[in-house]
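The values are calculated or read from the model by the stated rules, or taken from the named source; none is laboratory data. As the structure is a prediction and not an experimental result, all values here were calculated from the model. All Cβ positions, even for glycine, are placed from backbone atoms using ideal geometry, and neighbour counts span all protein chains on display.
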Amino acid sequence: MTTDELNWWETAVIYQIYPRSFQDSNDDGIGDLPGITTRLDYIANLGVDAIWISPFFKSPQKDFGYDVSDYCDVNPEYGTLADFDKLLAKAHDLNLKVMVDIVPAHCSDQHAWFIESRQSRDNEKADWFHWVEPMPDGTPPTNWLSFFGGPAWTWEPRRQQYYLHNFLTSQPNLNHANPAVREALMDVAHFWFDRGVDGFRLDAVHTINANSAPYENNLANPEFVPGDLPQQQQPFFRQLHDSAQLNQPVIQLFSESLREVSDHYGDRFLMGELHGDDPIKASQTFTAPGRLHATYNFNLLHWDGLNVDELKAAITQAIEAFNGTGRLSFAFSNHDVPRSATRQLARLGLRDDQQQALQLLLLKLETCLIGSSCIYQGEELALQDVQDIPVEQMQDPWGIEFAPVFLGRDTCRTPIVWKGDAPNGDFSRANSTWLPIDQRHLQRAALDEAARPASIYNQFSEFLQWRKDQPAIMQANTMSELTGEAKQIVFDRVSEQQRLRCLFDFETLTATFEEV
Ligand code: BGC
């Protein structure tokens, strides 16, 4: 068995960049593509294999880029296509693969497709979205809820019909029953592959749906218990979804077409974000031969930081479903949930040094599992969320709707700071930034940490170097079941050349590795 037998993405450590908050280059207080380019050395020196950039496409930014109004252009505040090409070239020079974040399930209500579609029942794009008659009493066709709260249906007076949106009302769901929709999205894939990107993170693929009215109501979820994370307390989760609203068979038409396009370009990676009533089962369907390469796994993202047994169970569940395939991608943090450092701190009341040690332990654990792993910007600095953003400075529409009970996602999206002693931590020279800079983050500014030998950044970087030399991690997708005493997670990674025992101790907050 040689390294060549695995594709790069099967073992990749992927660094997620939230472009609005990474580096501003033109003093408008908003991060942008040229800014990212100037910071690529920092990412490459960490020793990761790839970057995933959250959406930077044209968009009215109602959901900060996840509401796309043109998939094949750059939103002016983030730069231009030429800036993207420069970013890509520099990343490739530094041996970093580049993944962009495509949103195939919905677009913005400002996209030309929807602007046309909503005008009448007989225009060229009339059938590109989910247009449905009201019930005889005028109410929406089903009881479906939007993930962000409220009904999933909004009334369009021009057509005298409802349209479907699983998120904001300004994010209409595309009708994937229409082959023209699929073709248009394949054109988007060609556009970015032709530019040289190495893969896509595919947003919310579980919400891709076909207009197949009459739709069925969702049933109540008999097992609903509000989770610890605010996201898990949404009324959305009081329903079961997989009978009609989510994870529908039409998704596979999309994933198969996209895989065909991707295979045409060679060693590219398709990683689909996926949720639903039974994500593991759905993941198996999504990654069957000829479909997506991997699904983005929520098991660790939802871990509340308290109970090691729960973490063990979450990993076991995921690994058992996939052992031997590598079709998984793990993450502890991203732009949608409280940072893992905050989840731990809030739950455990750790001292600062313990919290940093735990953060490093989790980074090592994640990158020793089979499959790829996604590190969210700032995790390598053990950054915590910013909990005290004044309501008038909040940006996330979800948080604005439900504050102060739920603060939304601004808390994990504040700008990265680079130098503790520079204005705005050297994120931007603007007078104010789109979200406030957290003063506590200045103590752990990225370049300062990169220059401090004992920092989490450097310890993780050394670990990633060591990891590249471990055949059991890099050359095979085999992993034993999880064992270990209470507060320990132990497993073996196994290749023909090596059996590597990996022990993560949550009492001493240390990881040890031993060839056995
Ligand atoms: C993205 C979110 C976004 C939503 C709607 C997600 O899962 O990660 O940031 O709001 O899809 O596009």
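Would you say LEU306 is within 26 Å of MET479 (Cβ to Cβ), outside any loop (DSSP other than H, G, I, E, B), more than 16 Å from the ligand (Cβ to nearest atom) and among the aliphatic types (A, V, I, L, M)? Talk me through it step by step, then tell me what you get.
On the way: within 26 Å of MET479 (Cβ to Cβ): yes; outside any loop (DSSP other than H, G, I, E, B): no; more than 16 Å from the ligand (Cβ to nearest atom): yes; among the aliphatic types (A, V, I, L, M): yes.
Considered against the rule, which asks whether it is within 26 Å of MET479 (Cβ to Cβ), outside any loop (DSSP other than H, G, I, E, B), more than 16 Å from the ligand (Cβ to nearest atom) and among the aliphatic types (A, V, I, L, M), LEU306 comes out as no.
With GLN252, GLN171 as the choices, which residue is within 22 Å of the chain's Cα centre (by Cα), assigned to a loop (DSSP other than H, G, I, E, B) and not hydroxyl-bearing (Ser, Thr, Tyr)? Step through it out loud before you land on a result.
Values: GLN252 fails: assigned to a loop (DSSP other than H, G, I, E, B).
Residue meeting the stated conditions: GLN171.
Could you please find all residues in segment 102-120 being outside any loop (DSSP other than H, G, I, E, B) and in contact with a helix residue (DSSP H, G or I) (Cβ under 8 Å, 6 or more places away or on another chain)? It would help to see each step written out before you state the result.
The first filter runs over segment 102-120 and keeps only residues outside any loop (DSSP other than H, G, I, E, B), leaving 102, 106, 112-117.
Passing the criteria: ILE102, HIS106, TRP113.
Every residue in segment 51-83 that is in a helix (DSSP H, G or I) and acidic (Asp, Glu), please. Reasoning before the result, please.
To start, the set of residues in segment 51-83 that are in a helix (DSSP H, G or I) comprises 76-78, 81-83.
Across segment 51-83, the qualifying residues are GLU77, ASP83.
Filtering segment 303-359 down to residues that are within 20 Å of GLN16 (Cα to Cα) and among the small types (Gly, Ala, Ser), which residue is surrounded by the fewest Cβ atoms within 10 Å (Cβ to Cβ)?
Taking the candidates together, the pick is GLY326.
What residue, of ILE389, ILE416, is within 24 Å of ASP67 (Cβ to Cβ), more than 16 Å from the ligand (Cβ to nearest atom) and within 18 Å of the chain's Cα centre (by Cα)? Steps first, please.
Details: ILE389 fails: within 18 Å of the chain's Cα centre (by Cα).
Of ILE389, ILE416, the one residue that is within 24 Å of ASP67 (Cβ to Cβ), more than 16 Å from the ligand (Cβ to nearest atom) and within 18 Å of the chain's Cα centre (by Cα) is ILE416.
Would you be able to say whether some residue in segment 138-159 is of a type in the set (A, V, I, L, M) and within 16 Å of the ligand (Cβ to nearest atom)?
Within segment 138-159, the subset of a type in the set (A, V, I, L, M) is 145, 152.
Now narrow it down to the ones that are within 16 Å of the ligand (Cβ to nearest atom): 145, 152.
Checking segment 138-159: at least one residue is of a type in the set (A, V, I, L, M) and within 16 Å of the ligand (Cβ to nearest atom).
Only one residue in ASN173, ASN143, ASN166, ASN178 is farther than 30 Å from HIS335 by Cα and either modelled with pLDDT of 95 or more or among the acidic types (Asp, Glu) (or both), so which one is that? Walk me through it before giving the result.
Working: ASN173 fails: farther than 30 Å from HIS335 by Cα; ASN143 fails: farther than 30 Å from HIS335 by Cα; ASN166 fails: farther than 30 Å from HIS335 by Cα.
None of the others qualify; the one that does is ASN178.
Could you check, for segment 124-137, whether at least one of its residues is part of a strand (DSSP E or B), more than 16 Å from the ligand (Cβ to nearest atom) and out of contact with any Cys (no Cβ under 7 Å at 6 or more places or on another chain)? Before you say what the answer is, go through the steps one by one.
To start, the set of residues in segment 124-137 that are part of a strand (DSSP E or B) comprises 129, 131-132.
Within this subset, residues satisfying the condition of being more than 16 Å from the ligand (Cβ to nearest atom) are 131-132.
Right, trim to out of contact with any Cys (no Cβ under 7 Å at 6 or more places or on another chain) and you get 131-132.
So far as segment 124-137 goes, yes, one or more of its residues are part of a strand (DSSP E or B), more than 16 Å from the ligand (Cβ to nearest atom) and out of contact with any Cys (no Cβ under 7 Å at 6 or more places or on another chain).
How about segment 1-57: which of its residues are of a type in the set (D, E, K, R) and either within 29 Å of THR287 (Cβ to Cβ) or surrounded by fewer than 18 Cβ atoms within 10 Å (Cβ to Cβ) (or both)? If you could, list the steps in order and put the result at the bottom.
Taking segment 1-57 as the starting set, the residues that turn out to be of a type in the set (D, E, K, R) are 4-5, 10, 20, 24, 27-28, 32, 39, 41, 49.
Selection gives ASP4, GLU5, GLU10, ASP27, ASP28, ASP41, ASP49.
Report, by residue number, each residue of segment 193-208 that is in a helix (DSSP H, G or I) and either surrounded by fewer than 21 Cβ atoms within 10 Å (Cβ to Cβ) or among the small types (Gly, Ala, Ser) (or both). It would help to see each step written out before you state the result.
Keep residues of segment 193-208 that are in a helix (DSSP H, G or I), which gives 193-195, 205-207.
Answer for segment 193-208, where residues must be in a helix (DSSP H, G or I) and either surrounded by fewer than 21 Cβ atoms within 10 Å (Cβ to Cβ) or among the small types (Gly, Ala, Ser) (or both): PHE193, ASP194, ARG195.
Would you please list the contacts, defined by Cβ atoms under 9 Å and residues six or more apart or on different chains, that run from a residue in segment 170-182 that is more than 11 Å from SER146 (Cβ to Cβ) to a residue that is within 12 Å of the ligand (Cβ to nearest atom) and β-branched (Val, Ile, Thr)?
What qualifies is LEU174/ILE208; HIS176/ILE208.
Evaluate the following for VAL103: is it of a type in the set (A, V, I, L, M, F, W, C), over 30 Å from ARG467 (Cβ atoms), in contact with a His (Cβ under 7 Å, 6 or more places away or on another chain) and within 16 Å of the ligand (Cβ to nearest atom)?
Numbers: of a type in the set (A, V, I, L, M, F, W, C): yes; over 30 Å from ARG467 (Cβ atoms): yes; in contact with a His (Cβ under 7 Å, 6 or more places away or on another chain): no; within 16 Å of the ligand (Cβ to nearest atom): yes.
It is false that VAL103 is of a type in the set (A, V, I, L, M, F, W, C), over 30 Å from ARG467 (Cβ atoms), in contact with a His (Cβ under 7 Å, 6 or more places away or on another chain) and within 16 Å of the ligand (Cβ to nearest atom).
Give me the residue from segment 225-240 that is under 21 Å from the mean Cα position of the chain (by Cα) and assigned to a loop (DSSP other than H, G, I, E, B) and, out of that set, surrounded by the most Cβ atoms within 10 Å (Cβ to Cβ). Explain how you work it out, then say what you get.
Filtering segment 225-240 for residues under 21 Å from the mean Cα position of the chain (by Cα) gives 227-234, 236-237.
In the following step, the residues that additionally are assigned to a loop (DSSP other than H, G, I, E, B) were identified as 227-229, 234.
Values: GLY227: 13, ASP228: 16, LEU229: 17, GLN234: 19.
Step by step, filter segment 225-240, then rank; the result is GLN234.
For segment 14-55, which residues satisfy the criterion of being basic (Lys, Arg) and more than 16 Å from the ligand (Cβ to nearest atom)?
Narrowing segment 14-55 to residues basic (Lys, Arg): 20, 39.
Of everything in segment 14-55, just one residue is basic (Lys, Arg) and more than 16 Å from the ligand (Cβ to nearest atom), namely ARG39.
Here is a list: THR142, THR154. Which entry is assigned to a loop (DSSP other than H, G, I, E, B) and surrounded by fewer than 23 Cβ atoms within 10 Å (Cβ to Cβ)?
Values: THR154 fails: assigned to a loop (DSSP other than H, G, I, E, B).
Only one candidate qualifies: THR142.
Given the criteria at pLDDT 95 or above, within 16 Å of the ligand (Cβ to nearest atom) and aromatic (Phe, Trp, Tyr), does PHE236 qualify? Step through it out loud before you land on a result.
Working: at pLDDT 95 or above: no; within 16 Å of the ligand (Cβ to nearest atom): yes; aromatic (Phe, Trp, Tyr): yes.
When the stated conditions are applied, PHE236 does not pass them.
For segment 81-100, how many residues are within 14 Å of the ligand (Cβ to nearest atom) and more than 30 Å from ASN209 (Cα to Cα)?
Keep residues of segment 81-100 that are within 14 Å of the ligand (Cβ to nearest atom), which gives 99-100.
Add one more test, that the residue is more than 30 Å from ASN209 (Cα to Cα), and what stays is none.
Summing the residues that are within 14 Å of the ligand (Cβ to nearest atom) and more than 30 Å from ASN209 (Cα to Cα) in segment 81-100 gives 0.
Taking MET99 and the conditions (1) part of a loop (DSSP other than H, G, I, E, B); (2) of a type in the set (A, V, I, L, M); (3) in contact with a Gly (Cβ under 8 Å, 6 or more places away or on another chain), which numbered condition does it fall short on, given that it satisfies the others?
Answer for MET99: the failing condition is (1).
Out of (1) in a loop (DSSP other than H, G, I, E, B); (2) under 19 Å from ILE14 (Cβ atoms), the odd one out for ILE319 is which?
Looking at each condition in turn, ILE319 falls short on (1).
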